[in-house]
Amino acid sequence: MIRFLFKGLLRDRHRSLFPVITISIGVLFTVLLQCWITGILGDMINTNARFSTGHVKITTRAYAENADQLPTDLAMIGAEEMLANLKQDYPDMDWVPRIQFGGLLDAPDENGETRTQGTAFGMAVDLLSEETQEINRLNLAEALIQGSMPNESGEILLSDDLAQKLEVAPGQTVTLLSSTMYGSMAMYNFRVAGTVKFGVSALDRGAMILDISDAQLALDMMDAASEILGFNQIGLYNNEEATVLATSYNEAVVDDKDEFAPAMLRLRDQNDLASMLDYIQSFVTMFISIFILAMGIVLWNSGLIGGIRRYGEIGIRLAIGEYKGHIYRSMIGESVLIGLFGSCIGTALGLGVAWLLQTYGFSVGDYMKNATIMMPNTFRAQITSTAYYIGFIPGLFATILGTSLSGVGIYRRQTAQLFKELEA
Amino acid sequence: MQHKIFFLLGLFGITSAFAQYPFGEEILNRIDMNMSSKNRKVVSKMVIHGRRGSRTIESQSWVEGTDKSFTEYLAPAREKGTKMLKLEDRLWIYSPSTDRTIQISGHMLRQSVMGSDLSYEDMLEDPKMTNDYEAVVIGEEEVDDRLCWIVELTAKHAEVAYHFRKMWVDQKRDIPIMQELIAKSGTLLKRMELKDVTLMGGRWYPKRFIFKDMLKSGKGTEFLVESIEFDVAIPGHLFTKAALR
């Protein structure tokens with residue numbers, strides 16, 4: 001039967017070509033959109049997690065309320081003990097202390113006076129201990145443009161753009177002007193070990209990466225950290241896991257009314273990520289729904305046109321005694337074959353274009369120059385297992401829906417009228 | 001005819017009420033004569049009440065008008081030896097720990113000094129009110145048991161840090177014992193109270209200033225005048241970059 005239907009479709013291109021092209025295009029866009037959104041969302045989550053939010057983050061409540069101001073004065077004191085407790089209570093997570101701060105970087109002339117200045121976003125991480133995972137987590141080795149990684153206290157990495165703006169090269173000294181944890185003025189000299197480029201505008205504009213012990217010294221933050229980030233072992237954000245962890249942690253400190261009591265935040269609770277992720281997810285759902293509906297209407301229309309064209313053929317089939325139900329089922333069978341064929345072509349094409357976008361990406365660096373959110377400058381698609389079947393749902397569903405609706409007309413044909421119609 | 005008589009009587013009543021108040025410029029002149037000087041040398045303590053507790057910073061400053069000032073920090077140990085020189089709209093900061101002189105200018109001068117509620121402009125300038133503001137006296141009120149004129153000030157030019165000020169000026173001592181510093185948008189930026197007014201060098205001067213930056217969550221900053229000398233001989237080299245090191 002399938003072979004029979006398949007031969008019919010191949011021999012009568014009017015029945016198959018247009019629907020197959022329509023389905024292929026629709027499926028191509030579905031697969032591509034899925035890979036594209038997955039890629040962008042994945043990159044965005046990954047970038048935010050690595051550089052800013054962790055999978056979960058612990059700060060003081062006061063710090064969490066003003067986190068966008070990087071308020072080092074509201075940081076946690078007793079960070080070492082807290083870190084030890086976290087490692088003991090949640091051994092499945094990797095816990096790391098960090099300090100984020102703002103400041104002015106000043107490059108001196110030969111007399112030690114201001115030559116150039118620029119605002120810097122400081123990120124202090126564990127760079128120098130032997131067991132640190134932070135260098136890999138931040139991809140520092142790959143991001144290095146000039147010079148080398150910091151090997152000793154007092155050495156920093158500068159974003160390549162900021163280094164160019166300040167006209168400093170590895171080996172030269174710059175002075176940080178910032179505020180200590182207690183509000184006093186902080187001035188501290190650092191030697192530039194190397195320059196880096198992350199491909200994230202928010203960082204490349206003015207990042208300064210230094211060892212956390214240097215930041216503690218410069219900002220008078222001994223045994224303090226502005227945040228402790230937690231990463232799970234597999235390195236992928238899992239919202240359910242993070243929710244369970246944050247809820248249990250926060251419940252344990254709920255009775256502590258101190259504004260400096262710790263609070264655990266999930267990744268999506270930070271940097272306005274919840275609203276952004278929800279918005280993108282609803283956009284994708286809306287797009288796919290509209291697409292299924294539109295493709296259904298197109299295929300219904302194509303089925304109606306086909307029905308009119310095949311009016312005589314169906315009439316003869318009814319006249320020679322074929323049941324209406326059998327004709328209806330055979331048309332549905334044809335639509336399943338067309339749907340499968342079109343979905344396969346569309347999925348293959350979609351995966352091909354997605355692979356190109358995954359490999360080469362699409363640069364949006366020019367539009368991200370002033371971006372404050374952690375977004376990569378190159379948007380890339382990501383092919384996941386879902387991409388291999390996501391296109392089949394609208395491809396097959398829309399075709400069957402279209403044929404089912406248009407095929408209902410078969411049941412309206414009156415056998416008594418058939419010969420009159422055929423004679424005419 | 002009856003209406004005209006009522007109108008003229010009303011007008012007379014209103015003008016009489018305003019006639020009881022002095023002119024705003026006259027009040028500003030008296031404040032300037034009392035508080036401003038050719039120059040001054042101040043040894044002070046700044047007690048900053050932050051969210052995590054209070055800390056005290058000691059300094060001595062030499063100030064000449066709005067253009068020249070030199071400050072050296074005396075305590076605590078972390079700040080000791082830090083020096084600031086302000087010439088017109090440029091400020092140089094020297095830190096002995098880095099042996100560096102860093103220049104800041106423009107909007108940075110409106111940033112907080114040492115995490116306090118004072119900006120560099122608040123701390124390092126001795127402006128003459130009459131040069132910068134138009135004033136109108138709008139009433140009188142008792143503040144801290146002192147009868148005060150309520151004076152509203154509007155900036156004459158855009159360079160001033162606070163476009164509007166509202167002052168409660170002690171009628172006898174010509175001291176603005178309370179001030180509200182307001183942005184052009186109408187936002188209240190800071191509140192300043194002048195306390196412990198005493199006679200020093202022939203003029204009434206407060207020994208304690210309380211600043212509260214209304215946009216910050218801290219508990220305000222007290223600026224305590226340990227000693228003050230007006231119209232002293234300041235060596236010229238003090239207002240040069242060479243004096244920083």
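The values are calculated or read from the model by the stated rules, or taken from the named source; none is laboratory data. This one's a predicted model, so the numbers in the text were calculated from it and none came from an experiment. Backbone-built Cβ (ideal geometry, glycine too); neighbour counts: all protein chains shown.
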Residue in segment B:135-147 that is within 14 Å of chain A (Cβ to nearest Cβ) and in contact with a helix residue (DSSP H, G or I) (Cβ under 8 Å, 6 or more places away or on another chain) present: no
Sole residue being in contact (Cβ under 8 Å) with a residue 24 or more places away in the chain and buried (at least 18 other Cβ atoms within 10 Å of the Cβ), chosen from B:Pro176, B:Pro127: B:Pro176
Hits in segment B:103-120 - residues which are surrounded by fewer than 21 Cβ atoms within 10 Å (Cβ to Cβ) and β-branched (Val, Ile, Thr): B:Ile104
Of the criteria (1) within 11 Å of another protein chain (Cβ to nearest Cβ); (2) more than 31 Å from the chain's Cα centre (by Cα); (3) not hydroxyl-bearing (Ser, Thr, Tyr), which one A:Leu74 fails: (2)
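If you check B:Thr66 against the conditions, is it crowded, with 16+ Cβ neighbours inside 10 Å and either without any contact (Cβ under 8 Å) to a residue 40 or more places away in the chain or assigned to a strand (DSSP E or B) (or both)?
Working: crowded, with 16+ Cβ neighbours inside 10 Å: yes; either without any contact (Cβ under 8 Å) to a residue 40 or more places away in the chain or assigned to a strand (DSSP E or B) (or both): no.
No: the conditions fail for B:Thr66.
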Top-ranked residue of segment B:71-112 - restricted to ones that are more than 9 Å from chain A (Cβ to nearest Cβ) and in a loop (DSSP other than H, G, I, E, B), ranked as nearest to the chain's Cα centre (by Cα): B:Gln111
Failed item in (1) farther than 20 Å from A:Glu110 by Cα; (2) within 14 Å of another protein chain (Cβ to nearest Cβ), with B:Glu121 passing the rest: (2)
Test: residue in segment A:142-155 that is at pLDDT 95 or above, surrounded by 15 or more Cβ atoms within 10 Å (Cβ to Cβ) and within 14 Å of chain B (Cβ to nearest Cβ): yes
Some residue of segment A:250-261 being closer than 30 Å to A:Leu177 by Cα, at pLDDT 95 or above and not small (Gly, Ala, Ser): no
Residue satisfying condition, being surrounded by 15 or more Cβ atoms within 10 Å (Cβ to Cβ), in the same structural domain as A:Arg380 (by TED's automatic domain parsing) and under 18 Å from A:Val408 (Cα atoms), within set A:Ile338, A:Ile314, A:Ile345: A:Ile314
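With the structure loaded, tell me whether B:Asp144 is under 23 Å from B:Tyr205 (Cα atoms) and within 14 Å of the chain's Cα centre (by Cα) or whether it fails that test.
On the way: under 23 Å from B:Tyr205 (Cα atoms): yes; within 14 Å of the chain's Cα centre (by Cα): no.
Taking the combined requirement at face value, the residue does not satisfy it.
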